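What follows is calculated from the coordinates using simple rules that are stated; it is not laboratory data. Keep in mind that what you see is a predicted model, and the values were worked out from it rather than measured. In this analysis, Cβ positions are derived from the backbone assuming ideal geometry, glycine residues included, and neighbour counts consider all displayed protein chains.
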Amino acid sequence: MQAITNFFRRILPTFFFIGYLPGMPGTWASLAVVAGLWYNMPHVAPYFLAAKAPLVFPLFAVFTMAAMAVCRGPKELFGAEDPKEVVLDEVVGQLITFAFIPLSITTLVFGFLLFRFYDIVKPWPVYRMEECGDGEGIVIDDLAAGIMANVTLVAIMFVYHLVKARISL
């Protein structure tokens, strides 16, 4: 039974072992999310629109809390407070990046780049969120990076459409 428990304690936080890929496991996990959204775009795109907020927001909240629970106790399992193998937090952040955004190849690329930027650079308040500790600290900084990426993506889309409307007049 212990072997099965340890298996699931490793498979979930590493997002099905993507966290063990060499180099940049967080980037690989984010890329897997974006690739999954792109591949399934006809089926999932409607759920990322604002009209589905009453359904999607609670799902995001439950998924985020579940990720915090799954990411608890990383030191005993991986030997570090925020181990690079734990990438479920990147999955949460990357998904939040696209909340209420019309999915297209352009928004997926920009959202991926923005999220990775905020996750790697960790501007204020993202770096402060890591201080929460344990599973909450692992996930909440990526949640903050995802929210910042989302707001930036919305601003870029707003400016783009504003300029596009002015040019077409």
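Observations, loosely collected:
- Taking 0.36 nm per residue of separation and subtracting the Cα-Cα distance, full extension of the segment from S168 to F16 would add 50.0 nm.
- Length gained when the stretch L49-F7 is fully extended (0.36 nm per residue, less Cα-Cα span): 11.6 nm
- With 0.36 nm allotted per residue and the present C-alpha distance subtracted, the L31-V121 stretch has 30.6 nm of extension available.
- Sites A61 and M41, calculated FRET efficiency, Cβ-Cβ separation with R0 25 Å, nearest 0.05: 0.60
- Helix axis angle, 105-121 relative to the chain longest principal axis, alpha carbon, degrees: 50
- Cα pair distances in the chain, grouped into 5 Å bins until the bin that holds the longest one, percent each: 1, 9, 17, 21, 20, 14, 9, 5, 2, 1, 1, 0, 0, 0
- Spacing of the two label points (7 Å from each Cα toward its C-beta) at V109 and A69, in nm: 3.9
- Where Cα atoms sit under 27 Å apart: lysine pairs in the range 2-168 separated by 8 or more or lying on different chains: 4
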